[in-house]
Amino acid sequence: MGKPLSDDALDTLFRTARTYNGYTDEPVSQDQLRAIWDLMKFGPTSANQLPARMVWCVTDEAKAKLAACASAQNAPKILAAPVSVVIGMDTNFHEHLPELFPHNQTAKSWFDGNAELREASAFRNSSLQGGYFIMAARAIGLDAGPMSGFDNGKVDAAFFADTPAVRSNFISTLGHGDPATIFDRSPRPAFEKFNTVA
């Protein structure tokens, strides 16, 4: 059974954490990228599908390739960030279920021949994993700048041409956030506005 986190931890993960538009010059290490994955992989996905496929753009060449697929507003952010990340989704995730969901060896058959179900499952669960990516980055002292504002088809051609079952979901920058690049927090409504207890 879990224990409540401290207020400091909750601030780090939620209350004072922000989506950053720019970062300091402090580098991000390969060990930190692995640490993010080693946390986010424990977040729940349906039948342990784990469909997210991550491309960590750390070289200028890779960031330029990604920036070329993004909007004019987002391209400079991608180029300037220490790391930019493509969060992709594998629509053939079911091929790995015999390994990832071993206590039910029929799980792969649930998705065989049903591309529509695989697409919906891959999108839903890779989106969950993208959320875990953001929280894992915050948990190890980094900041993220998740974004839309890019051409999925161009990203897929640039990064997943050899794996056509893998397609982009969303992208994010990653680094040590520069407070000068953010504006005042947008409204966060009270429970009563958008919630119903039935």
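Computed from point charges on the beta carbon alone (+1 for Lys and Arg, -1 for Asp and Glu), the dipole magnitude for the range 28-177 about its Cα centre is near 280 Debye.
Note on the chain: helix-only mean residue ellipticity at 222 nm, from DSSP H runs of 4+ residues weighted -39500 (n - 2.57) and normalised by residue number, equals -10000 deg cm²/dmol.
Could you run the Debye sum over the Cα atoms of the range 1-65, one equal point scatterer each and no solvent, and tell me log10 of I(q)/I(0) at q = 0.25, 0.26 Å⁻¹, two decimals? Those come out to -1.27, -1.25, one per q. Rounded to the nearest whole angstrom, the semi-axes of the ellipsoid equivalent to the chain, taken from the Cα gyration tensor as √(5λ), stand at 28, 24, 16, largest first.
Taking the chain as a Gaussian network of alpha-carbon nodes connected by springs under 10 Å, the highest mean-square fluctuation of the residues Pro187, Pro27, Pro179 belongs to Pro187. For the chain, the residue among Ser29, Ser186, His96 whose Cα projects farthest onto the positive side of the dipole built from Cβ charges is Ser186. The lysine pair count for the chain, using Cα distances under 17 Å and pairs eight or more places apart or on different chains, is 4.
Any read-out appearing in this document is the output of simple, stated calculations on the displayed coordinates, not a laboratory observation. Keep in mind the model is a prediction, meaning the values are calculated, not measured. Heads up, the Cβs are rebuilt from the backbone with ideal geometry, glycines too, and the neighbour counts pull from every protein chain shown.
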